[in-house]
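Q: Quick one: the structure is below, and I'll ask about it shortly.
The values are calculated or read from the model by the stated rules, or taken from the named source; none is laboratory data. On a predicted model such as this, the values are computed, not experimentally measured, just so you know. In this analysis, Cβ positions are derived from the backbone assuming ideal geometry, glycine residues included, and neighbour counts consider all displayed protein chains. Just the protein is used for accessible areas: all its heavy atoms, side chains included, with ligands, DNA and RNA removed. Shrake-Rupley method; radii C 1.70, N 1.55, O 1.52, S 1.80 Å.
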Amino acid sequence: TGVPRCGASLHEPNKAIRIELNANADCIWQIQRNTNQTIRLIFSHFKFAPSSSCETESIKVFDGPSTNSPLLGQACDGTDAVPVLESSSDTLTFVITTNSMAFTRNFFAYYYFFSPGSKTENCGGELTGRNGTFSSPNYPAPYPEFRYCVWHIQAPKNSKINLQFQDLFLELDRNCQLNFTAVYDGPSTDSRLLGKVCGRAQPTFESSSNVMTVVLSTDDTNSYRGFSAQYSSVPLPVKPETTITCSSDRMRIALSKSYLASLGFSEGQLQLNDPSCRPAVGDAVIFSLPLGSCGTIKKDEGHSITYINSISLTPAGTVITRQKNTEIIVECRMRNNATLEVIYFTKNNAIQTMAAQGRYNVSMAFYESDLFSKPIRYSPYYVDLNQTLFAEVTLHSTDPNLQVFIDTCTASPQPDFGSLTYDLIRSGCNKDDTVVTYPAFENHGRFKFRAFRFLRSFPSVYLQCDVVICDSNNTNSRCARGCISRQKRDISPYTWKTNTVVGPIHLKRDLRAVEHSESLIETEAEKTPNLQQYNFYTLAVVVLISNILIVVAVILKHHKHQARYSYQNIHSS
């Protein structure tokens, strides 16, 4: 890219900027346009020092010639979106600052000038309705260069959106920093990033509400056919007036005022085991309490973990004894793969029970090192054969007394984990000799392993782990027992076991093969002369050969004449 290492003044109409910085950097770049156009700057990849704060390390972009100009935006280590900034003046300035940690930071950005409202900017749009389709400009022909297309999808209220890319073929690079598609869980690119993809794939995404945003960004390098996608809406479950919802973080109890009125109570007569935890009162009375507080009791039943609390009700205007108080027992039972709320009520004199099933929220990710501070955010994950991979399973829960135990991990070239699998861990026992399991740490389970032989034979490999969640105070739990041999294995499964999947993993040689094939195409194009050049070279060779033959003939004739002259002289003598 030819950009100085720390700061520059840029005037070209478009440019890619690859930046590498170390500690204590404070570098300023200034982009100036000399035409009546707008500057668009895209930071498609950035890697800060691990666990750095926005106060000590950041990218700041200003709409003007200096850092005193209005701030357009900022990115730092916790930013998961792709920053896209546009100027309203003829100059755009960005600053990158780093802290004192010894670490190599990498950034990739590109900018170009464009005219808002022109035909080249006519892409993207608003998509409404229960379902629909859309595609990249020119699909299935190659997409144009320097495009930034944004589609806003809005489905009916009380629904969520399922998005499926039936075909996606963009330029492939390791961090999807040249041409990419990004999907956001909300109405704008400021919403949570669901994913960023490039290369060839058929990814799917699901929103948490009825709105989603999709972006296509292209530069002026290689262009392929782009994508074709379809979306559909799925109704969100309609919740009754009186519900209990169990999640990995908390239990939520909503009591309608009509229900309370039927019992002869109002919201002023409600309290939990811990009276300091108060409800929010609106159209309904809602208690939202973390699993590990507000007097919640945890019960490990061997086949499930249950969280129990109670709501006490005292009739308004009546002084009665404790024994006559009405009580609602609230139970959250954490079971494996429980996706539907099953609510039931039981009544025994003045005690009423509300119960629902829930499941723990568990995720898995690869990390760059055994510090487990910087997750791998791009997919596919390209690795070298025998490279050490660091994996972490995280339990997202407010209960501080839970332990994560990795029971089984298998690899497969199939995302549905069919018959062809390879065991890394089985029943808590390491089956691959490169696996190292780290000691339990808070709500994390961690292990490392080397890229295995599957990657020699298959283009993609996925990893699935079965995870057991235990009460950390239970010394007889499955987590405390560790590796279990086949003979000692339990017959009945643990119902609080869940699984999580991560992938795909690809060998770096696949990435290099794509890059090499593109390089070969360009090289061959440079080496192959056109027809006019070929004819010229042929003519030149023919003329050269003809001239050589003429010279040879003259020399032979001269030698023959000399020989005859010499013979005549000898004869006369």
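Q: In what sequence, largest accessible area first, do 20, 327 appear using a 1.4 Å probe? List each step's numbers first, then the result.
A: Numbers: 20 100, 327 50 Å².
Result, largest first: 20, 327.
Q: What do you reckon, how do 101, 334 stack up by accessible area (1.4 Å probe), largest on top?
A: Working: 101 80, 334 0 Å².
Largest accessible area first, the residues go 101, 334.
Q: Pairs of Cα atoms under 8 Å, at least six residues apart: use those to get the relative contact order of the stretch 125-235, whole percent. Display every interim value, and only then the final one.
A: On the way: 305 pairs, mean separation 48.5, N = 111.
Contact order relative to length: 44 percent.
Q: Sticking with this one: So with the 1.4 Å probe, I'd like the accessible area per residue for the stretch 9-114, rounded to whole Å². Before the final figure, lay out the partial values.
A: On the way: 4400 Å² over 106 residues.
Roughly 41 Å² per residue, with all protein chains present.
Q: While we're on this one: Can you give me the long-range amide H partners of residue 8? Hydrogens built in the peptide plane at 1.01 Å from N, cutoff under 5 Å, separation of 5 or more residues or another chain.
A: Result for residue 8 returns 28, 29, 30.
Q: Please report the accessible area of residue 198 (heavy atoms, 1.4 Å probe, ligands and nucleic acids excluded) in Å², nearest 10.
A: It works out to around 10 Å².
Q: So for each of 403-415, 140-152 I average, over its residues, the number of other beta carbons within 10 Å; can you give me the resulting order with the highest mean first? It would help to have the intermediate numbers written out before the result.
A: Values: 403-415: 20.6, 140-152: 17.8.
Packing proxy ranking, top to bottom: 403-415, 140-152.
Q: Turning to a different aspect of this structure: What fraction, in whole percent, of alpha-carbon pairs in the stretch 125-235 exceed 24 Å separation?
A: Details: 1146 of 6105 pairs.
Value for the stretch 125-235: 19 percent of Cα pairs lie more than 24 Å apart.
Q: What nm distance separates the two modelled labels at residue 421 and residue 192, each placed 7 Å from Cα along Cα→Cβ?
A: 2.9 nm
Q: Right, something else. Restricting the calculation to Cα positions, tell me the Rg (one decimal) and the Dmax (whole number) of the stretch 82-153 in Å.
A: Here Rg and the maximum Cα pair distance are 17.6, 52 Å.
Q: How far, in nm, would the chain grow between residue 130 and residue 373 when pulled straight, counting 0.36 nm per residue and subtracting the alpha carbon separation? Don't jump to the answer; show the numbers that get you there.
A: On the way: separation 243, 0.36 × 243 = 87.48 nm, distance 4.01 nm.
Full extension from residue 130 to residue 373 adds 83.5 nm.
Q: I'd like the carbon and sulfur percentage of the solvent accessible area for the stretch 125-235, probe radius 1.4 Å, heavy atoms only, ligands and nucleic acids excluded. All intermediate terms of the calculation are to be shown ahead of the outcome.
A: Working: 2050 of 4680 Å².
Result for the stretch 125-235: 44 percent of the exposed heavy-atom area is carbon or sulfur.
Q: If you don't mind, there's one more thing I want to ask. Grab the other residues whose beta carbon is less than 12 angstrom from that of residue 87, score K and R as +1, D and E as -1, and report the net.
A: Values: positive: 33, 40; negative: 63, 86, 90.
Here the charged neighbours net out to -1.
Q: Also: For residue 390, enumerate residues with amide H under 5 Å from its amide H, sequence gap 5+ or separate chain, H modeled in the peptide plane.
A: 367
Q: Between residue 382 and residues 5 or more places away or on another chain, which pairs have amide H atoms under 5 Å apart, with H built 1.01 Å from N, and which residues are they?
A: Amide H neighbours of residue 382: 506.
Q: Specify which residue in the list 161, 227, 214 is farthest towards the positive end of the charge dipole of the stretch 125-235, using unit charges on the beta carbon of Lys, Arg (+1) and Asp, Glu (-1), about the Cα centre.
A: So the residue furthest toward the plus end is 161.
Q: Using a 1.4 angstrom probe on the protein heavy atoms only, could you order 374, 60 from most to least accessible area?
A: On the way: 374 30, 60 75 Å².
Most to least solvent-accessible, the answer reads 60, 374.
Q: If packing is taken as the average count of other Cβ atoms within 10 Å, what order do 79-87, 172-180 fall into, highest mean first? Mind dumping the intermediate values first?
A: Working: 79-87: 18.4, 172-180: 21.8.
Result, highest mean first: 172-180, 79-87.
Q: If I stretch the segment between residue 51 and residue 297 completely, what's the gain in nm (0.36 nm per residue apart, minus their alpha carbon distance), one decimal?
A: Length gained, residue 51 through residue 297: 85.1 nm.
Q: Now for a separate question. On the full set of protein chains, 1.4 Å probe, figure out the accessible area of residue 252 and give it in Å² to the nearest 10.
A: 80 Å²
Q: Of the listed peptides 379-392, 430-443, what is their order by residue-averaged count of other C-beta atoms within 10 Å, with the highest listed first?
A: 379-392, 430-443
Q: Rounded to whole Å and sorted largest first, what semi-axes of the equivalent ellipsoid does the C-alpha gyration tensor of the stretch 1-80 yield via the square root of 5 times each eigenvalue? The partial results should precede the final answer.
A: Values: eigenvalues 103, 45, 29 Å².
Values for the stretch 1-80, descending: 23, 15, 12 Å.
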